[in-house]
Amino acid sequence: MGQRIEIESAVVVDDSLIVTTNRSLTGTDGEGFDSVNEARDGGTFAAKLTYDLFEMDKAIRRVYVTSNVVIVTRDGTWTTQAKDATAHVVEEFFLYYPAAQDVAQPSPA
């Protein structure tokens with residue numbers, strides 16, 4: 001349920017990943033968050049997306065969301081794995097039911 005967000009580009013500039021999407025995530029005002037606690041207390045789509053990103057990668061230190069752009073700053077270098085994981089969280093943000101391969105399967109008894 002919901003629609004997958006398409007990533008139009010994901011470009012690394014210094015310690016930030018700039019992700020441009022095909023969907024607006026905020027109004028014209030952007031929102032920035034410096035911690036998982038700050039994002040947890042927010043009640044907006046930007047806060048929820050930021051919370052999900054902070055939970056996914058402990059090296060993230062700031063997220064700024066404005067319109068259809070998400071800027072994620074992290075400690076360390078942006079590996080292919082880190083970029084892909086960040087893009088995956090953004091892509092599936094509006095999905096209520098994750099894809100079958102993303103659902104944790106119970107281990108056999």
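Each reported figure results from applying straightforward, stated rules to the coordinates on display, with no laboratory input. It should be emphasised that the depicted structure is a prediction, and the values quoted were computed from it without experimental measurement. Cβ coordinates were reconstructed from backbone atoms using ideal geometry, including for glycine residues, and neighbour counts include every protein chain displayed.
Numbers for the structure displayed
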{"quantity": "Per DSSP, loop chymotrypsin sites (Phe, Trp or Tyr not before Pro) in segment 1-101 with at most 11 further Cβ within 10 Å", "calculated": "Tyr96"}
{"quantity": "Sites matching trypsin sites (Lys or Arg not before Pro) across segment 1-81 that sit in DSSP coil, with at most 11 neighbouring C-beta atoms within 10 Å", "calculated": "Lys58"}
{"quantity": "Degrees, to the nearest 10: 80-91 long Cα axis against longest axis of the chain", "calculated": "90"}
{"quantity": "The chain, dipole about Cα centre (Lys/Arg Cβ +1, Asp/Glu Cβ -1), debye to the nearest 20", "calculated": "120"}
{"quantity": "Distribution of pairwise C-alpha distances over segment 11-93, 10 Å bins, in %", "calculated": "20, 59, 21, 0"}
{"quantity": "Coil-residue GluC sites (Glu not before Pro) of segment 2-53, DSSP, other Cβ within 10 Å capped at 14", "calculated": "Glu6"}
{"quantity": "Förster-model FRET efficiency, 30 Å R0, Arg40 and Val11, C-beta, rounded to 0.05", "calculated": "0.60"}
{"quantity": "On Cα atoms only, tilt of 45-56 relative to the major axis of the chain in degrees", "calculated": "60"}
